[in-house]
Amino acid sequence: MKKYIFIILLFLLAYEAYPQVRLSTMDSVTTFTPTDLFWLNTKPSSTFLNRKVSWRSLRSNIEDFIADSAHTWAQRQTFSNGATFSAATYGSTTFSDSLCVVNGAVLAAHYIRPYLSTTGYIGDLTKPFGYIYSKNFVTVNAEGNDSCTISYDDSVLTINKELSVGTLTVTDNITMDSSGAFQSIHFKPNTYAITAVDDSIITIDTLKTNIELTLPGDVTSPGIEKITMTGVPDGHIIILYHHDLNDSVVFQDANADGNLKMAGDFYMNVGDNIAFMMTTGDYGGSEGQHWIELWRKDN
């Protein structure tokens, strides 16, 4: 009995004298030796032979295992030395989350919708994509045989194809070089109703160019002697005409209370028209809007 107790004590002493090395305490130069493991694990058999390996070999085997495996990350990952995601032979890299964070900062705050043949856009109405940065933005032709490039050189935005715009609002100005040309000009038609035959002022509260007057009768006493328009810049041009077969309107030249600068009074009948250009300045001590006659057509 004492013999067996002695053997058990030796067994326990051997175990305590040579404890196993934890992976958490190893570094790149840690190497297993026979004393790093329980002595029974060091016997030369195929079952336990590979238990004695270097940390470098162990790490290499772990990396090979990771490279050949698919992974699901339940929590946020930190890549301190950078990371490269490649489809390679394993398919694609998919980011299911709608938020990508780099060094604590949001890289893309909105969901980037992939290209779909049925829609062909990124983002959606509820999560539009905020910014797209590109040295040259290329739009592919739906026919697949051409593309359009949009570029910017620090001062000029260039589109290398014909541009078609349904509605264009310009808040400042349009500049055209000496080679530029309009193939056609269309001024949106607007109407303005003169409410009484003795009205002498046309007051327009929005910026307009092509104006058809509607008449309550003959507006000839005293006639129109002043035009005011809201938001009008210097150089703005208006064209006035009417389609009333039986009525006329007269425009008074240089009336003391008016602001029309004309080559004499003008009686406008159906089919006639007159054009003015607005300018500001001091005309005989009168500041404000002044409308200079460009042409009159007595048709």
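List of remarks:
- Share, in percent, of DSSP beta bridges within the stretch 147-296 that are antiparallel, nearest 5: 55
- For Asp146, neighbours were defined as the other residues whose beta-carbon sits under 15 Å from its Cβ, and their charges (Lys and Arg +1, Asp and Glu -1) total -1.
- Other residues within the sphere of radius under 11 Å centred on the Cβ of Gly281, judged by their own Cβ, net out at -2 (K and R +1, D and E -1).
- Descending semi-axes in Å of the stretch 189-297, equivalent ellipsoid built from Cα gyration tensor: 21, 15, 13
Read-outs: derived from the displayed coordinates by stated rules, not from any lab. In this text, all values refer to a predicted model and were calculated from it rather than measured experimentally. Counting neighbours? That spans all protein chains shown, and the Cβs are built from the backbone with ideal geometry, glycine included.
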